[in-house]
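Worksheet: the structure to be examined is printed underneath.
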Amino acid sequence: VVVTGYGTVNKNTFVGTSTKIDADVLSKKNVSSPIQALTGEVAGVRIITQSGQPGSNPTIRVRGFGSVNGNRDPLIVVDGTPFDGNLASINGEDIADMSVLKDAAAAIYGSRAANGVILVTTKRGKEGKPTVTFSGNYGFSNPIRLPEMANAFEYATMMNEISPNAKPYSDEDLQLFKDGTDPWGHPDTDWYDAAIKPSSPMYRTDVGLSGGSDKFKFYLNLGANGEDGIYKNSANRYDQYSIRANLDAKVSNYVNVSFGTLGRIEYRQYPTKSAGSIFSALRRSKPTLPAFWPSGEPGPDIEYGDNPVVTGTDATGYDRQKDYYVQNTLKVNVDIPWVQGLRLTGSASYDKYFKMRKKFDKPYYLYSWDGGDDHKVVPGKRGYATPQLTQEHTDQTAWLLSGVLDYNRTFEIGRAPSELQ
C-alpha cells in the first residue's frame, strides 16, 4: 500500500514515485530529528545542514532545486493537514511512518507541492491494556575537525620571514614566545581551545501512554530534548518541550471520530554576535594576543569589539526566542449505510503560532595592558554606547476545512459457464 495525498492505493497499480520510512527506521537510528532519519534513506532527497548551531533547521531538497515557488523545502503534511513548520521540529517518537512523494502523486496539494511532499503519520492508540513507554538518551556533540593554527612562536617566525628587512620580532621575543615564561608580554594563545568546548551535552526524553478498547483508543506522549552550544560559557542553547494526544472513538457502526492535538514550545538562545562573526574572529585572531590576561580579565579585540572568547557568551547581551505551536485536528468518517462502499470524511484543523523574540545588546569591556611592571590592565568599552533592546512578536492563525467523498467497492462480474460455450 502506498500513501497518497487523498488516501492509499495498491503499490502494483501506482505509477508515481513514493518512498516510505517506517517507525522502526527512526528508532534504530536513534537520531534527534526526523530529518536525520531521512538522510541516506530516500533516493533523490538531499539534506543540507547550513549551520551547526543548536536549534538550526536543515534544508530539504527533493530531486534537486526547483523553479516553481522558488527553492523551497517540500510541503510537510501531518495526518492529512499541511504543516507550516519544519520537519525537524516534529518529535520523532510521535511518528508512525513518513512517505515522500516526488512527482505528480503530490499534485492534489497544488503549487505548494511543486518541490515535493513529505507525508507524516503520527502514532495512534491500539486496542489493549494501557501501556506506558519511556525512552531517554544523553550524549555529546563534538567538533570533529578544527583547524590547527600556528602557535605564537611559529607566527612570529613567519612574520619575520615575510619582512626580512624590518623584522617585527627580535630573537629574544622568539625565545619568550617559545618557552612561555612571559605570559603578559609574550602570550601564546590557542583561540579555538580558548573559546570552544571539547564537547557539548544533548538530551532527549519521551514518556508515552497508549491503549484502548474497540470503542475508544488513545495515544499520549510527553517529549523533551535540548542541546547546548559549543562555546565556553555559551550563550547558545536550544530546548524543546512537546505534548501530543491522539484520540479515536467509534461512535456507532457507521461513524468514527478522530481528534489530535499538539502543543510545543521551542526555546532558542543565541549570542548577540552571529556564528559567522565569532568564527571569523577565531580564525583571524593572532596567537600573540591574549584571550585572557593572567589576572583573569579578557584581552583586547581584533577590531570592532571582536574577542571571540567574550562574544560567544552573554557578556555582550542575549538574543532569545520562544516559539509556541498549538495544532488541533478533528476528523469524522461516516460510512453511508444505504450505499455500500460510500464514505464521507470531513476534517477541520485549527493551528496557532506565537513567536516572541527579545534581543538585548549591552556595552561590555575588554582590557589592554599598559606595559607597566605592576601589570595593570585598562578597560575599554565596546559594543553599543548604551543598552539597546529589540523585541519582536508574531501571532499567526491557520485553519482548514476539507471534505472527501470516497466510493470503494469491488464488483464481481462474470457469466455462467453455460454462457461461455
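Taking the helices alone, the chain has a mean residue ellipticity at 222 nm of -3000 deg cm²/dmol, built from -39,500 (n - 2.57) per DSSP H run of at least 4 residues and averaged over all its residues.
Rolling a 1.4 angstrom probe over the chain with all protein chains present gives an accessible area of which 53% lies on carbon and sulfur atoms. Exposed loop positions in the chain were taken to be GluC sites (Glu not before Pro) whose DSSP state is not H, G, I, E or B and which have at most 10 other beta-carbon atoms within 10 angstrom. Between these positions, the longest stretch is 149-302. Among the chymotrypsin sites (Phe, Trp or Tyr not before Pro) found in segment 308-375, those both in a DSSP coil and sparsely packed, with 10 or fewer other Cβ atoms within 10 Å of their Cβ, are TRP338. What pairs in LYS197/LYS376; LYS20/LYS102; LYS129/LYS215 have C-alpha atoms more than 18 Å from each other? As for pairs spanning more than 18 Å Cα to Cα, those are LYS197/LYS376.
Taking the chain as a Gaussian network of alpha-carbon nodes connected by springs under 10 Å, the highest mean-square fluctuation of the residues SER199, SER295, SER33 belongs to SER295. Computed from Cα atoms, the angle from the helix 152-162 axis to the main principal axis of the chain rounds to 70 degrees. Here the Gaussian network model covers the chain, with springs between Cα atoms less than 10 Å apart; of VAL310, VAL77, VAL255, VAL255 fluctuates the most. Accessible surface area normalised per residue over segment 167-206 is 53 Å², counting heavy atoms of protein chains with a 1.4 Å rolling probe. Residues of segment 391-414 with an amide N closer than 20 Å to a point placed 7 Å from the Cα of VAL339 along the Cα-to-Cβ direction: 402-412. Summing charges over all other residues whose Cβ lies under 15 Å from the Cβ of ILE336, with Lys and Arg as +1 and Asp and Glu as -1, gives 0. Backbone phi angles across segment 348-364, fed through the Karplus curve with coefficients 6.51, -1.76 and 1.60 (θ = phi - 60°), yield HN-Hα couplings of 9, 10, 9, 10, 10, 9, 10, 10, 10, 10, 10, 10, 10, 9, 10, x, 9 Hz in residue order; Gly and Pro are listed as x.
Let me check I've understood the local charge: for GLY55, count other residues with C-beta under 12 angstrom from its C-beta, Lys and Arg +1, Asp and Glu -1. What total comes out? Result for the neighbourhood of GLY55: -2. In loop segments of segment 334-421 as defined by DSSP, the trypsin sites (Lys or Arg not before Pro) with at most 16 further C-beta atoms inside 10 Å of their C-beta are LYS376, ARG409, ARG415.
For HIS186, no residue whose modelled amide H falls within less than 5 Å of its own remains once neighbours fewer than 5 places apart on the same chain are excluded. Loop-located trypsin sites (Lys or Arg not before Pro) in segment 90-158 (DSSP state other than H, G, I, E, B) with a sparse environment of at most 16 neighbouring Cβ atoms within 10 Å: LYS126, ARG145.
Name the lysines eligible as straight-distance cross-link partners of LYS167: C-alpha to C-alpha under 27 Å, and not fewer than 8 places from it in the same chain. LYS167 reaches LYS178, LYS286.
In summary, the lysines within cross-link reach of LYS359, defined as a Cα separation below 16 angstrom excluding same-chain residues under 8 places away, comprise LYS273, LYS322.
The values are calculated or read from the model by the stated rules, or taken from the named source; none is laboratory data. These numbers were taken from a predicted model, which means no experiment stands behind them. No Cβ is skipped: glycine too gets one built from the backbone with ideal geometry, and neighbour counts run over all protein chains shown. With ligands, DNA and RNA removed, areas are computed over all heavy atoms of the protein, side chains included. Shrake-Rupley method; radii C 1.70, N 1.55, O 1.52, S 1.80 Å.
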